[in-house]
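Taking it in order: structure first as structure tokens, then the write-up.
What follows is calculated from the coordinates using simple rules that are stated; it is not laboratory data. Note that this is a predicted model, so its numbers are computed, not measured. All Cβ positions, even for glycine, are placed from backbone atoms using ideal geometry, and neighbour counts span all protein chains on display.
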Amino acid sequence: MGIDYTPIYLERFFRNLLLGEQWDLQNRYLHIQASEEWKEQPRLDKPASTGQVQDKFGTSTREMLYQFDTDNHNIQQLVLAIGEQQMSVKEMMEALSLKGRDNFLKVYLNPAIEEQFVRLLYPNSPLHPRQKYLLTVKGLALYNKISNK
């Protein structure tokens, strides 16, 4: 009837759990008769990596920031990090102690650009090799309000 009665799936599950091995376990191998390819499949040496999880809770730095022109604490932190200078993505991430580039772009930089607090140094060439970011007039006003508190 297409059901595989061998305990191989269960064995691999427990080997992953108890011995720290990295067998690839998928539902289709549990219910459908396993092919020879599945039975011969080698272990994965390392698990797949995902992006950094978005920080949904306030940290002590965020709690000190007050709401001004934006309710977004991430934008406020980015504005404070940039200040009156020009910074690359890498420099901004270091200033904020962040490591996940995709998360930084999604949660910090893109919203700040969309709300016109930050602008590109070379707006006509977003992939410019020396691209930097700086505050707009609106961003500088927010920076002055936050830094004076």
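Kirkwood hydrodynamic radius for the stretch 60-147: how many Å is it when counted over pairs of different Cα atoms?
The answer is 13.0 Å.
For the stretch 60-147, give the magnitude of the charge dipole about the Cα centre (Cβ charges: +1 Lys/Arg, -1 Asp/Glu; no others), in debye to the nearest 20.
260 debye
Please report V107, V89, V137 as a ranked list, fewest other C-beta atoms within 10 angstrom at the top and most at the bottom.
Fewest to most other Cβ atoms nearby, the residues stand as V137, V89, V107.
With Cβ to Cβ distances under 14 Å as the rule, what net charge do the other residues near R101 carry (K, R +1; D, E -1)?
Result for the neighbourhood of R101: 0.
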